[in-house]
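Note sheet for the following structure.
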Amino acid sequence: MQGLGELESAAMDVLWRAGEARTVREVLEGLNRDLAYTTVLTVLDHLHSKGWVAREKRSRAYCYTPSLSREEAAARAMRNLLADVGDPEGVLLHFARSASEGERDALRRGLRKRS
């Protein structure tokens, strides 16, 4: 995801796949890497500071949940990317021309729902 480091992205992936709040220890286990507990704690604290995760104190530990769905985060990244290019219309048109039939159908459905 745009604006996230590799380990931050991996932690977000663990949280999105979980579908429910996770402790630092559970995220560490989900990462399936040889990392220190404090490293994952720091990563989750940074994600919280950036607004990517919410946290709730349970007993003596925080539990973390994504603030945005994976789809919302991807849409935000696309929006930021479009804001950074000189010709957002050209990018969108190129994307639409290169999209698969299924992707074009999804775009049509989404645009119809918005009206």
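The values are calculated or read from the model by the stated rules, or taken from the named source; none is laboratory data. Computed from a predicted model, the values in this text were never measured in an experiment. Here the Cβ positions follow ideal geometry from the backbone for every residue, glycine too, while neighbour counts run over all protein chains shown. SASA here: full protein model, heavy atoms, side chains in, ligands and nucleic acids out. Shrake-Rupley method; radii C 1.70, N 1.55, O 1.52, S 1.80 Å.
Structure notes:
- Accessible solvent surface per residue of the chain, calculated while the other protein chains remain in place, 1.4 angstrom probe, Å²: 69 Å²
- Comparing 103, 71, 29 in a Gaussian network model of the chain, where Cα atoms under 10 Å apart are tied by springs, the biggest mean-square fluctuation is seen for 103.
- Heavy atoms of residue 78 accessible to a 1.4 Å probe, total area in Å² rounded to 10: 110 Å²
- Integer Hz, Karplus 6.51/-1.76/1.60 couplings in order for segment 94-102, x for Gly and Pro: 4, 4, 4, 5, 8, 6, 6, 4, x
- When the chain is reduced to its Cα atoms, the Kirkwood hydrodynamic radius in Å: 16.2 Å
- Percent carbon-and-sulfur accessible area, the chain, ignoring ligands, DNA and RNA, probe 1.4 Å: 51 percent
- Solvent-accessible surface (1.4 angstrom probe) belonging to residue 87, in square angstrom, nearest 10: 90 Å²
- Point-to-point label distance, residue 25-residue 100, nm (Cα→Cβ direction, 7 Å offset): 4.1 nm
- In the chain, helices alone account for a calculated mean residue ellipticity at 222 nm of -20000 deg cm²/dmol, with every DSSP H run of four or more residues adding -39,500 (n - 2.57).
- Charged side chains reduced to their Cβ positions (Lys and Arg at +1, Asp and Glu at -1) give the chain a dipole of some 500 debye around its Cα centre.
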